[in-house]
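The values are calculated or read from the model by the stated rules, or taken from the named source; none is laboratory data. What you see is a predicted model; the values in this text were computed from it and never measured. No Cβ is skipped: glycine too gets one built from the backbone with ideal geometry, and neighbour counts run over all protein chains shown. Accessible surface areas use protein heavy atoms only, side chains included; no ligands, DNA or RNA. Shrake-Rupley method; radii C 1.70, N 1.55, O 1.52, S 1.80 Å.
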Amino acid sequence: MTVTTHFVPARTSGGDGYDVQITPESAGWGYSSLRVLTLAPGATFALDTGQEEMFLVPLRGGVSAQCGGETIALEGRPDVFAGPTDVAYLPIRSEVALSSVEGGRFALAGARTDKALPFRHGPRSDVPVELRGAGNCSRLVRNFGTVGAFDTGAVIACEVITPGGNWSSYPAHKHDEATEHESELEEIYYFEIASGPGGRPGFGYHRTTSSPAGEIDVLVEVHDGDTALVPYGWHGPCMAAPGFDMYYLNVMAGPGEERAWLISDHPDQAWVRETWKDQRVDPRLSTPNDPKTDVPTSDREGARP
């Protein structure tokens, strides 16, 4: 299936046993990929990574991955809002067998690369967790697969939690040209939205606009299981509607020889960062499952979205 827009609603891109299947070919770009699958209790699933390296990320439940005679058992978590999870790194050109005793939902965040690295476990305790922004721009980031946190050939991945009523991926920013201060990276946003009382479905919004790299105009209402594709352009904010916490999984990769994640803020919005120095971080993000860092907000923010 070829994706014809930069927004992929839930249950519209599945195939080959996946609920979501975004490949470089279907997205019309060269590197980043995402697959999401659901396993029933006791079910198994076989995959061949081909020329893609992948992070196996439990979204709900635990899973075991067998590769090259080795097995990595991931404890997982009850849901994406329950804290960080352990992950497994699946190398290129590998046959992998997945199994889940109790069932669950699992993401495969990947990228094309020629670099062959070993099958590895990323413990939950090793996931760097940081708070970014302040006030109603507060968000929490789990850097399980970012530069400096986990060595890969090309893929960069992280999770972001945005409390209801807050904005994240803000100021709008881009990474679509290779310069001294910016990386060229394609990006995928996969969303899960917490339900309201009585299971009422949640929602939020995502924005992408044109940059010198290309024309793009995306303003969409996002729901649980939706995906946004950012081949280029200024992207952000992501807005969580009041009452509905937002989660998204970011997957990035690009053609650069150096694996780097450097961004440029939108010149009309960069000043917003300075206002965070006088605001407190949203206390809803100070939880036992995602302990906040001790780094001051102004230092912690740096040049990250």
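Which of rounded, prolate, oblate describes the range 30-156, given a ≥ b ≥ c as roots of the alpha-carbon gyration tensor eigenvalues and a/c under 1.5 marking rounded, otherwise prolate only if a/b is larger than b/c? Oblate shape, in that a/c is at least 1.5 and b/c is the bigger or equal ratio.
Extension gain, Arg93-Ser286: 0.36 nm per intervening residue step, less the Cα-Cα distance, totals 65.4 nm. Packing around the peptides 212-225, 58-71, 20-33, taken as the average count of other Cβ atoms within 10 Å per residue, puts them in this order, highest first: 20-33, 58-71, 212-225.
With all protein chains in place and a 1.4 Å probe, the accessible surface of the range 93-203 carries 49 percent carbon and sulfur.
Does the chain classify as rounded, prolate or oblate by the C-alpha gyration tensor (a ≥ b ≥ c root eigenvalues; a/c under 1.5 gives rounded; else a/b over b/c gives prolate, otherwise oblate)? Verdict is rounded for the chain.
Taken along the Cα-to-beta-carbon direction at a fixed 7 Å, the label points for Glu70 and Gln279 span 4.4 nm. The residues of the range 1-120 have, on average, 42 Å² of accessible surface per residue, using a 1.4 Å probe with all protein chains present. In this rough spin-label picture, where each label sits 7 Å from Cα along the Cβ direction, the Arg200-Glu180 distance is 5.3 nm.
Sort the range 123-202 into rounded, prolate or oblate with this rule: let a ≥ b ≥ c be the square roots of the eigenvalues of the Cα gyration tensor; rounded if a/c is under 1.5, and if a/c is not under 1.5, prolate when a/b is larger than b/c, oblate otherwise.
Values: a/c = 1.95, a/b = 1.51, b/c = 1.29.
Prolate, since a/c reaches 1.5 and a/b exceeds b/c.
Ranking Gly243, Pro84, Ala111 by how far each Cα lies toward the positive end of the dipole of the chain (charges on Cβ) leaves Gly243 at the top.
For Met252, neighbours were defined as the other residues whose beta-carbon sits under 9 Å from its Cβ, and their charges (Lys and Arg +1, Asp and Glu -1) total -2.
Surface exposure of the range 190-233, expressed per residue as accessible area with a 1.4 Å probe, stands at 43 Å².
About the Cα centre of the chain, what is the dipole size in debye to 20, counting +1 per Lys and Arg Cβ and -1 per Asp and Glu Cβ, all else neutral?
Roughly 800 debye for the chain.
Relative contact order for the range 108-153 using alpha-carbon pairs under 8 Å, separation at least 6, rounded to a whole percent? In percent, rounded to a whole number, it is 37. Of the peptides 84-94, 273-283, 125-135, the ranking by mean beta-carbon count within 10 Å, highest at the top, reads 84-94, 125-135, 273-283.
Expressed as a whole percentage, what fraction of the accessible surface of the range 1-86 belongs to carbon and sulfur atoms when a 1.4 Å probe is rolled over the protein heavy atoms?
So the carbon and sulfur contribution to the accessible surface is 50 percent.
Per-residue packing, averaged as other Cβ atoms within 10 Å, sorts the ranges 47-53, 190-196, 114-120, 166-172 into the order 166-172, 190-196, 47-53, 114-120, beginning with the highest.
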